[in-house]
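Taken together, the values in this text are just the output of simple stated rules run on the coordinates, not laboratory data. Everything numeric in this text was worked out from a predicted model, so none of it was measured. Here Cβ is always computed from backbone atoms with ideal geometry, including for glycine, and neighbour counts include all displayed protein chains.
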Amino acid sequence: MPKINDYIPIVGDDTIEELKILGEKLKGKVVQHINSTSVGGGVAEILNRMVPLMSELGVDTRWDLLKGGEKFFNITKKFHNALHGISIEISDDEFNFFLQVENENAKAINFYGDVIFIHDPQPIGLITRKKDFDKKWIWRCHIDVSQPQENVWQFLKKFVEMYDIAVFSVPAFAKQLSIRQVLISPSIDPLSDKNKDLPEEVIDSVFEKYKIERNKPIITQISRYDFLKDPVGVIDAFKMVRKYVNCQLILAGNTATDDPEHDKVFTAAKERAADDPDIHLLIIERSHNDIEINALQRGSDIILQKSLREGFGLTVSEALWKKKPVIAGAVGGIPLQITHKYSGILTHTVEGTAYWLKQLLNSPEYAKQLGLNGHEHVKNNFLLTRHLREYFLMFLSLYHNTDIVRL
Ligand code: UDP
């Protein structure tokens, strides 16, 4: 497991020194993160690395999970889609069932942290315990809530406004709220198994394992099987390009335990792929996930992230860090990571994606430059150390009586 000093060669001495000073100032405080899954998806990805590093920096940081069954996660997935602006019917019974599960968890969870750090809508209702303890409460929203379905937002907003601070990933996601808002982008860990450098033999062995020959260009999208990641659109774009350029496609994903739509979406992608030998639909086993995703990204020529809606889109930073040319939907936090035609390509349609795939496959030098520019951008903006610094400053601001915090 990498230690904080291992990051010095990547981000420099000063950055790490500053983190140590900030950690020292927070000594004695306990930060308690709560979300709804420990595996799958961007939130778990970040917490897995953030928790041990914060603790190493002197801020006792722990992570608890909300408990919910299938019915609860079906409802919260509806919330997720509705917040992303997809029109969805949610019944009174479903809203009530959500509240019931929130109440059960609010009673069962031990709130031992000085700072209670709640992620996303699933555990948002735990805030009803705020009145019982003298704690600081943060709600961190990882979703694009810029154009939400109004009834769902109004339902959640009542909870949001009980927090001390709401954190959003991207300026465009900020809302009209009566509480303080802080904008903090997510990040990737350059030294995690997901992102660290890999020897060629490891990359080769992963492609061998999945029986994918590297004898023609490889286009890859890594995503949970979720309609909003548009795997079917990816397959359609690939089929358009393959008429002109001999290439192959990998769609690789697992599922998050709080995402019930996986099977349906995987089946839809499988039907669209229709046994095409150049389309590899992979489900990555959890036990090998990080190294295999890393190897698939590194062994690919172009990375796609053709999302229809997105929170931040960590997979984009992951691919850019690996100096890969990325073509991605211009949604959510993706335009923050990609400047069109400079550090990647932004698209809006299947046809646009197909057009740019063809362009990049035919112009490898241009594609390479996009990846190099993207790497610099991620290095300067989306590494874990920047994220830690901003969280530490935010925690400190909770204990200082000021409205203005410059991060
Ligand atoms: N991921 C993974 N294995 C998979 C699919 C996705 O490890 O089979 C990871 C991916 O590398 C990224 C995270 O899950 O780190 C997804 O985060 P992102 O912000 O792209 O999307 P989210 O799933 O949170 O909507």
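Being crowded, with 20+ Cβ neighbours inside 10 Å and among the acidic types (D, E) narrows it down to one of E376, E365, E310, E351, so name that one. Spell out how you get there, then give the answer.
Values: E376 fails: crowded, with 20+ Cβ neighbours inside 10 Å; E365 fails: crowded, with 20+ Cβ neighbours inside 10 Å; E351 fails: crowded, with 20+ Cβ neighbours inside 10 Å.
Exactly one residue qualifies, and that residue is E310.
Any residue in the range 277-293 that is over 21 Å from T267 (Cα atoms) and among the charged types (D, E, K, R) sitting within a Cβ distance under 8 Å of a residue that is within 8 Å of the ligand (Cβ to nearest atom) and part of a strand (DSSP E or B)? List the pairs, counting only those 6 or more apart or interchain.
Hits for this filter: E292/A252.
Can you list residue pairs whose Cβ atoms sit under 7 Å apart, with the first residue in the range 173-190 being farther than 21 Å from P2 by Cβ and more than 13 Å from the ligand (Cβ to nearest atom) and the second being assigned to a loop (DSSP other than H, G, I, E, B) and aromatic (F, W, Y)? Count only pairs 6 or more apart in sequence or on different chains.
Listed by first residue and then by second, the contacts come to I179/Y163.
Given the criterion in contact (Cβ under 8 Å) with a residue 12 or more places away in the chain and under 22 Å from the mean Cα position of the chain (by Cα), identify the matching residue among N246, N254. Give the derivation first.
On the way: N246 fails: under 22 Å from the mean Cα position of the chain (by Cα).
So the residue among N246, N254 that is in contact (Cβ under 8 Å) with a residue 12 or more places away in the chain and under 22 Å from the mean Cα position of the chain (by Cα) is N254.
Please report, ordered by residue number, the helices (runs of 4 or more DSSP H) entirely within the range 149-247 with at least 1 residues that are farther than 26 Å from K270 by Cα and of a type in the set (D, E).
Working: elements: 150-160, 200-209, 231-242.
Counting at least 1 such residues, we get 150-160, 200-209.
Counting just the residues of the range 288-307 that are among the small types (G, A, S) and assigned to a loop (DSSP other than H, G, I, E, B), which one comes out nearest to the ligand (Cβ to nearest atom)? Steps first, answer last, please.
Of all residues in the range 288-307, those among the small types (G, A, S) come to 295, 299-300, 307.
Of the ones still in play, those that are also assigned to a loop (DSSP other than H, G, I, E, B) are 299-300, 307.
Working: G299: 15, S300: 13, S307: 8 Å.
This residue is S307.
Filter the range 264-287 down to residues that are closer than 22 Å to V202 by Cα and either among the hydroxyl-bearing types (S, T, Y) or within 12 Å of the ligand (Cβ to nearest atom) (or both), then give me how many there are.
Number satisfying all stated conditions: 7.
So in the range 279-335, with the set limited to residues that are under 12 Å from G371 (Cα atoms) and of a type in the set (V, I, T), which one is farthest from the chain's Cα centre (by Cα)?
For the range 279-335, the residue satisfying everything is I302.
Of the residues that make up the range 100-120, is at least one surrounded by fewer than 23 Cβ atoms within 10 Å (Cβ to Cβ), touching a residue at least 12 places away in the same chain (Cβ under 8 Å) and under 22 Å from the mean Cα position of the chain (by Cα)?
Within the range 100-120 (the criterion being surrounded by fewer than 23 Cβ atoms within 10 Å (Cβ to Cβ), touching a residue at least 12 places away in the same chain (Cβ under 8 Å) and under 22 Å from the mean Cα position of the chain (by Cα)), the answer is no, since none of the residues qualifies.
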